[in-house]
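Below is one structure; the comments refer to it alone.
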Amino acid sequence: MILFYHMEVLVATDFFTAEVWTTAGLVTYSVLFFIHLTSRKVQVAGATPHPDEPWMVQIARNVWGFLEPGQYLIHGRDGKYCPAFQRLMDEAGIRRVPLPPRSPNLNAYAERLVRSVKEECLARLILFGEAALHHTLHEYSVHYHHERNHQGRGNVLPKACRPTAVSRTPGRSPQILRA
């Protein structure tokens with residue numbers, strides 16, 4: 001019950017994998033994301049085939065606008081959350097909450113996002129190159145925030161906005177531009 005009183009300061013993070021065809025063959029990319037539990041706002045922090053310490057340190061610096069001092073960061077015990085990443089979070093005033101080993105149900109919001117991304121998007125595509133992965137994740141993020149309703153929030157859009165204009169490019173179908 002206490003969880004509901006503190007939802008505004010809780011952020012979860014996790015990794016998921018995506019298979020991408022490259023010139024070197026099929027490569028598995030690790031995608032790191034953060035999700036604010038109250039608003040369901042998601043930040044895809046990055047994707048790489050090798051999530052090493054320098055990459056994780058850079059990610060920690062990049063998400064300081066999404067994460068704020070005083071928030072709690074719920075994360076698994078994956079070795080990818082290296083000591084340098086943990087130290088940067090601590091120095092930024094973000095309180096880390098490492099979950100017990102082998103307990104995916106304790107990070108249910110993040111796990112549900114992974115399921116949504118994979119079922120609604122990645123399972124339906126064959127990605128050719130890292131740029132295709134980044135583009136796909138960006139487009140899904142826009143869909144997730146502006147078009148997809150969320151049952152856990154009473155079917156409300158996280159960032160509801162109304163269409164403002166219709167863009168017509170010769171040879172292409174009309175696209176709705178958002179404010």
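A few points about this structure:
- Checked against (1) under 28 Å from Cys121 (Cβ atoms); (2) touching a Cys at 6+ places or on another chain (Cβ under 8 Å), Leu37 passes all but a single condition, namely (2).
- Note on segment 89-108: among residues that are out of contact with any Ser or Thr (no Cβ under 9 Å at 6 or more places or on another chain) and crowded, with 19+ Cβ neighbours inside 10 Å, the one that is farthest from Gly46 (Cα to Cα) is Ile94.
- Test: Tyr81 is part of a loop (DSSP other than H, G, I, E, B) and surrounded by 15 or more Cβ atoms within 10 Å (Cβ to Cβ): yes
- In segment 46-70, the residues that are surrounded by 18 or more Cβ atoms within 10 Å (Cβ to Cβ) and outside any helix (DSSP H, G or I): Gly46, Ala47, Pro51, Leu67
- Matching residues, segment 29-70, being touching a Pro at 6+ places or on another chain (Cβ under 6 Å) and aromatic (Phe, Trp, Tyr): Tyr29
- Of the residues making up segment 113-131, those that are touching a residue at least 40 places away in the same chain (Cβ under 8 Å) and either surrounded by 15 or more Cβ atoms within 10 Å (Cβ to Cβ) or basic (Lys, Arg) (or both) are Leu113, Val114, Val117, Lys118, Leu122, Leu127, Glu130.
None of the figures in this text is laboratory data; all of them are computed from the coordinates on show. Here the structure is a predicted model, which means the values were calculated and not measured. As a convention, Cβ positions derive from the backbone with ideal geometry for all residues, glycine included, and neighbour counts pool all protein chains shown.
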